[in-house]
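The values are calculated or read from the model by the stated rules, or taken from the named source; none is laboratory data. Quantities reported herein were computed from a predicted structural model and do not represent experimental measurements. Virtual Cβ from ideal backbone geometry, glycine too; neighbours counted across all protein chains shown. Heavy atoms of the whole protein, side chains included, go into the accessibility calculation; ligands, DNA and RNA do not. Shrake-Rupley method; radii C 1.70, N 1.55, O 1.52, S 1.80 Å.
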Amino acid sequence: ITAAISGAKLPSAIETFGTDKLKVLLYPDDFNKLMKSFPMAKPRPQQVEALERVTKAFNGGAQYVVLEAPTGSGKTAISMALAQALGPSYICTLTAQLQSQYFDLFGHLGLKMLKGRGKFNCARCSESCAVGAVLYEEDPCQSCPYIEAKGHALKSRTMVANYHSFLWNIGRAKPREDEVIPTVRPFMVLDESHSVENFLLDTMGLTVKLSHYSVKLPALSTVDSEDPQPYIDWIQAAIPILNAQYKLLSDPKAKDDLRRTVERMGGILADVALGIKFIPERGSKKSDAGWYPDPNWFALKPLHVATYGQQIWKFGQRLLLMSGTILDAGTVCSNIGLPLADGEFIQLDSVFAPENRPIIVHPMNMTKESREESWPEAARLVDKLLDHHHDVKGLLLCPSNEMLKFIQAKLSRKNQTRLITAFGGNREKRYQEHLTGRFPTVLAASGYWEGADLIGAASRFQIIPACPRPMWSGQIKARAKIEPKWYRFLTYSKLLQGYGRSVRAIEDFSATYIFDRDFLTEMNRKDSLIPNWVKKAVKVVGT
């Protein structure tokens, strides 16, 4: 059975899950039933508002709804209520951790998780099913715990997956004869939808490091250029060499890693043939003669990922896209190929009082060109704020490790000892040290714009010295030249995700300090991406 969505046909192996069961919520009786079956004890007023507005949009003919619901809105319960009402459903979220949160809350309602092959232990060896699949590729297991669990998930009424497991187990999968066939379902949730594009950019791109391979591969281009053709030619030459190397490998983990790399190389060649444009990225080395491209590695990233987006959202007849920071619904939807005319945007207010989440802006020029003057001043202000908040925990969130290390080195000895730096391999361990420690430590990081849950006393203040502007190179540079607003969207969606790290409940309170004057510039634009619920909390000082 095939279905046409935006002119794109689904693979013939995919069936439609109970289209005759598709249920459109109608006023008032069915909505009252929805409220009575709400998956938590009692819906809060904002959850009722969200469900009313989403229901109305679907009743009005919208194929998808984009819901911006700031932290504290109870998005998981909203999505599960609709999933229960609209029939067999998929829920996709960003990380395995968020996937587990859904299961912990709603597993008792029959929710099942879809996990990748590497999360299961092979019955014939002491390794994962991913390794087992390589060891026994000539003699596949008759009973595989991964395939069995995947079948249970695909047969369940409501299935939750992270985007990675959904894409590779359903969106781009080729099911074996003994596997359950994925289906198009009446309803699908895309949680943390502002991040789907970035996930696809990382996943559908390719990074190659020559030093990872024991076989000699062709040399990389010595020209720093946005032309992808030299790298396409390199991939075509490398694939037969790597295939020959695969046959010689005995280590199953190394074989599985090489298999994935070669498959992605082949996927890129196929995508290029379909007209998808890739942008090369290279590191730089310095010699006496100047800078030159790093001869050890290159990356290719698609300029746009709209085509890949369909490999996720085409599995839902109606969609709910959710995030605390949508900012621009048109950008979020067009990024992943959703037709703008088919959707509706709903923006909720924050449930947290502005006085509990103040943003104090001390405007400075924090662009790269001004760092000689601005970074020392930023360090001085951070030191002053740490003195002011000397007896409570906080968060120092920098756009880069370089800025973080610079500021740390300039702090007083007393304040340096308060910092718990969290990056690299010890990131999670240091994060837990901050949460569980008794002293007023300050979590200092460049990577916790999302994922940190600093509820209550874990953070009574947070400092964001500069807006997290993406690095001006490679795919980002090429795309931003075409779509300047897209670059702003990347910057401020990340910044506002960071803003939400420290006020996580109604009774929470935490002050956020921002030094970057570009934040005020964005606030005052006619097409500003900063929502009104954020603007209400802003106070400008030091001007």
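Given H placed on each backbone N at 1.01 Å, which residues far from L320 in sequence or on other chains put an amide H within less than 5 Å of it?
When sequence neighbours closer than 5 places are left aside, the close amide H contacts are V65, M188, V189, L190.
Tell me whether the stretch 219-349 comes out rounded, prolate or oblate; compute the Cα gyration tensor, take square roots of the eigenvalues as a ≥ b ≥ c, and use a/c under 1.5 as the rounded threshold.
Prolate.
Give me the percent of accessible area attributable to carbon and sulfur for the stretch 91-196, probe 1.4 angstrom. Write out the running numbers ahead of the final one.
Working: 2400 of 4830 Å².
Carbon plus sulfur share of accessible area: 50 percent.
Taking only C-alpha pairs under 8 Å that are 6+ residues apart, what is the relative contact order of the stretch 263-349 in percent?
RCO, the stretch 263-349: 22 percent.
Could you give each residue of the stretch 95-108 its phi-based ³J(HN,Hα) in whole Hz, using Karplus coefficients 6.51, -1.76, 1.60 with θ = phi - 60°, and x for Gly or Pro?
10, 5, 4, 5, 4, 5, 4, 4, 5, 4, 7, 10, x, 5
Relative to a virtual label point 7 Å from the Cα of K536 in the Cα→beta-carbon direction, which members of the stretch 330-372 show backbone nitrogen distances below 19 Å?
346-361
Using a 1.4 angstrom probe on heavy atoms only, work out the carbon and sulfur share of the accessible area of the stretch 425-543 in %.
Details: 2880 of 5330 Å².
C and S fraction of accessible area: 54 percent.
At 1.4 Å probe size, with no ligands or nucleic acids counted, give the accessible surface of I241 in Å², nearest ten.
Accessible area of I241: about 50 Å².
Would you grab the residues whose amide H sits under 5 Å from the one on I276? Only those 5+ places off in sequence or on another chain, please, with H modelled 1.01 Å from N.
Excluding prolines and chain starts, which carry no amide H, there are no hits.
I'd like the antiparallel share, as a percent to the nearest 5, of DSSP beta bridges with both residues in the chain.
25 percent
Full-extension gain between T417 and K56, please, as 0.36 nm times their residue separation minus the C-alpha to C-alpha distance.
Between T417 and K56, full extension yields an extra 124.6 nm.
Mind running the shape call on the stretch 419-516? Use the C-alpha gyration tensor, a ≥ b ≥ c as the square roots of the eigenvalues: rounded below 1.5 for a/c, prolate if a/b tops b/c, oblate otherwise.
Cα axes put the stretch 419-516 in the prolate bin.
Averaged per residue, what accessible surface does the chain expose to a 1.4 Å probe, in Å²?
Result: 46 Å² per residue.
Which value in deg cm²/dmol, rounded to the nearest 500, describes the helix-derived mean residue ellipticity at 222 nm for the chain, given -39,500 (n - 2.57) per DSSP H run of n ≥ 4 and division by the residue count?
Theoretical 222 nm ellipticity from helices: -12000 deg cm²/dmol.
If I compute volume of the Cα convex hull per residue in Å³ from the structure I just sent, which labelled value in (1) 171; (2) 179; (3) 159 lines up?
The calculated read-out lines up with (2).
At a 10 angstrom cut-off on C-beta neighbours, averaged per residue, how do the peptides 183-195, 30-42 rank from highest to lowest?
183-195, 30-42
Whose amide H sits under 5 Å from the amide H of G74, counting only residues 5 or more places off or on another chain, with H placed in the peptide plane?
none
Applying the Karplus parametrisation 6.51 cos²θ - 1.76 cosθ + 1.60 with θ = phi - 60° to the phi angles of the stretch 144-161, what ³J(HN,Hα) value in whole Hz is obtained for each residue in order, glycine and proline being reported as x?
10, x, 5, 5, 5, 5, 4, x, 4, 5, 6, 8, 6, 5, 10, 10, 10, 9
Using the Karplus curve 6.51 cos²θ - 1.76 cosθ + 1.60 with θ = phi - 60°, work out ³J(HN,Hα) for each residue of the stretch 474-480 in order, rounded to whole Hz, and write x for Gly and Pro.
Listing the rounded values in order: x, 4, 5, 4, 5, 6, 5 Hz.
Of K405/K481; K494/K535; K368/K477, which pairs sit farther than 25 Å apart, going by alpha carbon to alpha carbon?
Over 25 Å apart, Cα to Cα: K405/K481.
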